[in-house]
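Following: one structure in structure tokens, then a few remarks.
A short reminder: the numbers here are calculations on the coordinates, not readings from a lab. A quick note: this is a predicted structure, and the numbers were derived from the prediction, not measured. Here Cβ is always computed from backbone atoms with ideal geometry, including for glycine, and neighbour counts include all displayed protein chains.
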């Protein structure tokens, strides 16, 4: 008998339904694993009392019958989600001590469905990063390792990926602005989906780049992702960009039948210097989909190479505006002022002390590209290129492509600290395969495919049509079954 | 576009982030490096392309212009570093 915390969401749901397991016992198992996993740095605020209260309520609801899928399921919640009365810091010192007086729409939906919150999960500060190293709490650690080096779980949802991979929760929430769900999912050998922009409400999620941010599930299987996505999705009057569309039954879409579907392989993603191992994995994934009855075709996304520079104009521009609210007046940190300091000094000192280096860098880049004289040259040009990037995808879909297959990341997980000496642009290259779909608003899922020669997980990414997460997850389900990835990290923590 | 120390100082000021004088050259270098990376965008022919305003074509919803919440002063002020007599308190702004 496996420990209850190692169950998938689907299996835990079924066991709770049948009465083979109580939500309280399942929660206890997760809390024990959480406390034993401190070396992973995944949890940054634990909420055991709240979890047990929620679990007891879930047990009562399960007993009464007709409880939703999420009832009694223990989850980890990324620190970017505002949770009422529980620290919600976006891993930043500038929000030290902030306890929201309200609940994000996503966590409200999850709690209404009976889900249990174990605690808040580590991340890069304000979701800006690809390694979890910009967190004010210190980095989360990847449970996978091949020698005595500690590896990055990826970022920004690194704590979420680490906690799911190490079974410190049943599933977790993440958010994805340029790859922050998919890259850590790939680094840690789990499934992560970024839904279509507008599918999940952003209300109560601390904003980074509002036109790109989207929350999604990080899970142990594709089925789990389908279940959790269904529970997170839906229109919200409090988010004007949330789409007023019915939420389909994503789990029911997992038929495993993709016969006659057309899979696009974007030739622009064959970057010079792409690791042979990643190239081979990509080919293997295409073969698996073909063996399942899909047709694999070459496609062109001519503006793909401009996605990264466009992203690093648009995201910092929006961040510089969103993060203007951290002024030391309404919440969080305020710097100690010297004699004669006025309000400007208060702002400047507060923001210098509260924001970490990468966040400061992005705010300043954003400030620069939006400043008088440069707005057209950088910001408007980037928005035009963004329109072209979206058009590339629309043309591919119009030609009959159902899903696009690509690597998730250019490499497996790297060591913590290894990228510290790299210049910021080198770190940004981690997002090369993932940012394009944030710019186009499209859904994308990372599926764990196997281990590299050293023994680290590698993922492949599938990109779908807007609002077709069900069909996209069905393709992912086919890949998952064909890859048969069942390895777990050896427990060293 | 290379950013000099003077521009870096101005950007930091606009962003309301205090940067020590001794850190400005390094900041200027970092910003220049990132902006250099963005120069690639100049290779793209964007003639006749409208800048994207919304990634999913949708009409913003309308609702009746009525008050839907309020009377939560205490909650609004709860996280303030300095709140007095029902207000946010800040250093003197007007002499």
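Over region A:296-392, what per residue volume does the convex hull of the Cα atoms give, in whole Å³?
Working: hull volume 12.6 nm³, N = 97.
Normalising the Cα hull of region A:296-392 by residue number yields 130 Å³.
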- Nearest 0.05, what FRET efficiency do residue A:372 and residue A:291 give at R0 = 51 Å with Cβ-Cβ as r? 0.35
- In percent, how large is the relative contact order of region A:153-251, given Cα pairs closer than 8 Å and 6 or more residues apart? 26
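Could you sort the peptides B:49-56, A:326-333, A:47-54, B:71-78 by per-residue average Cβ neighbour count (10 Å cutoff), highest mean leading? Intermediate results must be reported in sequence, preceding the final value.
Details: B:49-56: 15.2, A:326-333: 21.0, A:47-54: 17.2, B:71-78: 12.2.
Going by the mean number of other Cβ atoms within 10 Å, highest first, we get A:326-333, A:47-54, B:49-56, B:71-78.
Full extension from residue A:399 to residue A:425: what is 0.36 nm times the residue separation minus their Cα-Cα distance, to one decimal in nm?
5.9 nm
Can you compute the helix-only [θ] at 222 nm over the protein assembly as shown? Use -39500 (n - 2.57) per DSSP H run of at least 4 residues, normalise by all residues, nearest 500 deg cm²/dmol. Could you put the intermediate results ahead of the total?
Values: 18 runs with 207 residues, N = 588.
That calculation yields -11000 deg cm²/dmol at 222 nm.
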- Within a 10 angstrom radius of each residue's Cβ in B:40-49, how many Cβ atoms of other chains show up on average? Whole number is fine. 6
- Message: Counting C-alpha atoms alone, how compact is chain B: give Rg to one decimal and Dmax as a whole number, in angstrom.
- Response: 22.6, 58
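Give the percent of DSSP beta bridges with both residues in the protein assembly as shown that are antiparallel, rounded to the nearest 5. Walk me through the numbers on the way to the answer.
Details: 31 of 45 bridges.
DSSP beta bridges in the protein assembly as shown are roughly 70 percent antiparallel.
For A:117, A:346, which order do you get if you count the other beta carbons within 10 Å of each Cβ and list the fewest first? Can you show the working numbers first?
Values: A:117 24, A:346 21.
If I rank by nearby Cβ atoms, fewest first, I get A:346, A:117.
Kindly put A:421, A:371, A:211, A:180 in sequence by how many other C-beta atoms sit within 10 Å of each C-beta, fewest to most. Intermediate results must be reported in sequence, preceding the final value.
Details: A:421 7, A:371 17, A:211 20, A:180 37.
The fewest-first ordering by Cβ neighbours comes to A:421, A:371, A:211, A:180.
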- Once the Cβ-Cβ distance between residue A:259 and residue A:14 is put in as r, and R0 is 25 Å, what FRET efficiency do you end up with, to the nearest 0.05? 0.30
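Using alpha-carbon pairs under 8 Å, 6+ residues apart, how would you state the relative contact order of chain A in percent? Walk me through the intermediate numbers first.
Details: 1204 pairs, mean separation 88.0, N = 493.
Over chain A, the number comes to 18 percent.
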- Query: Across peptide A:51-59, what mean number of C-beta atoms from other chains lies inside 10 Å of a residue's C-beta?
  - Reply: 0
- Taking Cα atoms only, helix B:5-14 is inclined relative to the longest principal axis of chain B by an angle, in degrees rounded to 10, of 20
- Note on the structure: Using alpha carbon positions and the Kirkwood radius, the Rg to Rh ratio of region A:4-259 is 0.94
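Taking the square root of 5 times each eigenvalue of the Cα gyration tensor, what semi-axes in Å does the equivalent ellipsoid of chain A have, largest first? Walk me through the intermediate numbers first.
Working: eigenvalues 194, 173, 90 Å².
Those come to 31, 29, 21 Å.
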- Item | Within 10 Å of each Cβ in B:55-63, the average number of Cβ atoms from other chains | 5
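With both partners inside region A:4-259, how many of the DSSP beta bridges are antiparallel, as a percent to the nearest 5? Could you put the intermediate results ahead of the total?
On the way: 13 of 20 bridges.
Looking only at bridges with both residues in region A:4-259, the antiparallel portion is about 65 percent.
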